[in-house]
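Have a look at the structure below, then the notes.
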Amino acid sequence: MPQLPIVFPFSSSDIGGSHVATYELAVALQKDFGRRCIFLCADGTPIADEARRLGIKVVDTGEIAWAHASLRKRRSPVRTLRRFPARLAIMRQIGRCIVHANEIVAIQSFGIIAKLLGGKIVYHHHALNRMALPNRLLISRADAVIAVSETCRAPLSFVPNERLQVVLNPIEVPQNFDRCAARARVCAKLEISDDDTLVGFVGNLWDRKRPEFFLRASAVMAASDNRMRFIIFGRKGDVDVPAMQALAGMLGIADRVVFAGFMMPAEDNIAALDLLMAPAIREPFGRTPIEAALLGTPWVATDDAGHGEIGRQWAGGRLVPIDADEVAFARVAVAILANPTSVTATADQRTTIAANFSPHREAIEVEAIYRQLES
């Protein structure tokens with residue numbers, strides 16, 4: 001039976017962790033299995049631009065006006081009905097396919113149409129969102145469901161086991177990565193000294209990622225070392241950058257904090273750091289501790305959800321109890337900076353981590369799901 005094209009629909013604009021994982025999967029599927037992969041998204045968005053840069057075909061949804069809207073607006077049933085004719089025309093041009101949905105709204109917007117045209121839906125669950133009845137009904141329409149971690153699998157208990165499996169996201173860094181060169185590049189961009197001790201937060205500013213907690217812990221750490229500098233790599237989420245800047249000023253560390261915004265490549269940002277701090281709670285899995293381990297950057301994270309799962313299975317950092325306050329978190333961070341080799345992954349451990357998270361390994365597992373649906 002001929003291979004069906006794989007369509008990855010995205011309704012938003014900016015790149016997040018699930019997009020990065022999908023890029024890596026699509027590139028591996030094209031390279032290793034000759035799959036035709038298509039990103040279905042609004043033209044002119046960072047999501048579309050990066051897909052094209054990586055050699056992935058992009059089909060424009062024509063929905064640029066909605067790409068910056070809230071999820072609630074993008075999921076509006078009224079809007080879904082109004083967009084149905086245009087979306088149907090797009091899917092007819094693509095033909096019978098497998099829609100690989102990385103967000104529930106993608107099932108609603110393009111997955112159901114694909115099934116009407118004889119295609120299939122694979123839903124890839126990257127979140128810990130509440131499984132309200134509308135979400136359950138949409139996910140139940142999927143022919144196969146993938147969870148990125150055991151943490152993410154737990155809320156999907158309503159999905160039959162034969163349609164549900166855990167597949168780790170691909171996380172890859174270049175071999176023989178030059179950390180010193182990456183640090184020099186990042187410091188030059190940010191106009192800071194590479195002689196400073198660099199502590200970083202990597203992620204968009206969502207409340208659950210606790211960027212304000214990071215700043216408060218940074219203020220505690222700053223008192224122990226006047227050469228310590230704190231870098232926040234990420235865009236506004238539901239926490240505003242001006243509010244974070246005001247908090248840094250109130251804490252007396254405004255001159256020690258750099259708001260770097262969104263910078264690529266991500267591996268440069270992590271490799272430049274002396275320590276990655278990941279205080280997030282309810283993290284579905286989290287790329288950054290794994291990337292840090294592969295790059296040789298020690299990390300400290302909150303022992304909750306996906307980060308707890310990572311810390312118990314793979315080396316490279318240290319977990320802090322979820323009920324720890326900023327002072328306790330800072331003490332662990334300072335202890336790691338004093339002796340980073342106590343937690344940094346060894347060469348053998350990095351080899352194991354790289355194998356566990358290789359794009360080729362994920363592509364093999366996902367390709368097997370596609371073939372089962374095509375049979």
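The values are calculated or read from the model by the stated rules, or taken from the named source; none is laboratory data. Just so it is clear, the model here is predicted, and its values are computed rather than measured. Neighbour counts are summed over all protein chains in view; Cβ atoms, including those assigned to glycine, are modelled from backbone coordinates with ideal geometry. Areas reflect the complete protein model, heavy atoms only, side chains present, ligands, DNA and RNA absent. Shrake-Rupley method; radii C 1.70, N 1.55, O 1.52, S 1.80 Å.
Summary table
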item	result
Three-way shape label, the stretch 285-330, alpha-carbon gyration tensor, a/c 1.5	oblate
CYS180 - accessible surface, heavy atoms, 1.4 Å probe, Å² rounded to 10	110 Å²
Dipole of the stretch 104-210, positive direction: furthest Cα of GLN108, LEU205, LEU128, with charges on the beta-carbon	GLN108
Cα-centred dipole magnitude for the stretch 4-71, charges only on beta-carbon of K, R (+1) and D, E (-1), debye, nearest 20	300 debye
Packing rank of 118-131, 42-55, where each peptide gets the mean count of other beta carbons within 10 Å, highest leading	118-131, 42-55
Estimated dipole of the chain in Debye, rounded to 20 [Cβ of Lys and Arg +1, of Asp and Glu -1, Cα centre]	1620 debye
Distant-in-sequence amide H partners of HIS125 (H built 1.01 Å from N, under 5 Å)	ILE146, ALA147, VAL148
Alpha-carbon centroids, the stretch 165-226 and the stretch 1-80: separation in whole Å	27 Å
Dipole-positive endmost among ALA248, VAL167, PHE39 within the chain (Cβ charges, Cα centre)	PHE39
Residue-averaged [θ]222 nm for the chain, counting only DSSP H segments that reach four residues, each worth -39500 (n - 2.57)	-12500 deg cm²/dmol
Global geometry of the stretch 65-126, whether rounded, prolate or oblate, following the gyration tensor of its Cα atoms and the 1.5 cut on a/c	oblate
For the stretch 300-375: rounded, prolate or oblate by the Cα gyration tensor [a/c cutoff 1.5]	oblate
Gain on full stretching of the segment that runs from ILE192 to ALA254 - 0.36 nm per residue minus C-alpha separation	20.9 nm
Length released on extending from ASP178 to GLN245, taking residue separation times 0.36 nm less the Cα-Cα span	21.0 nm
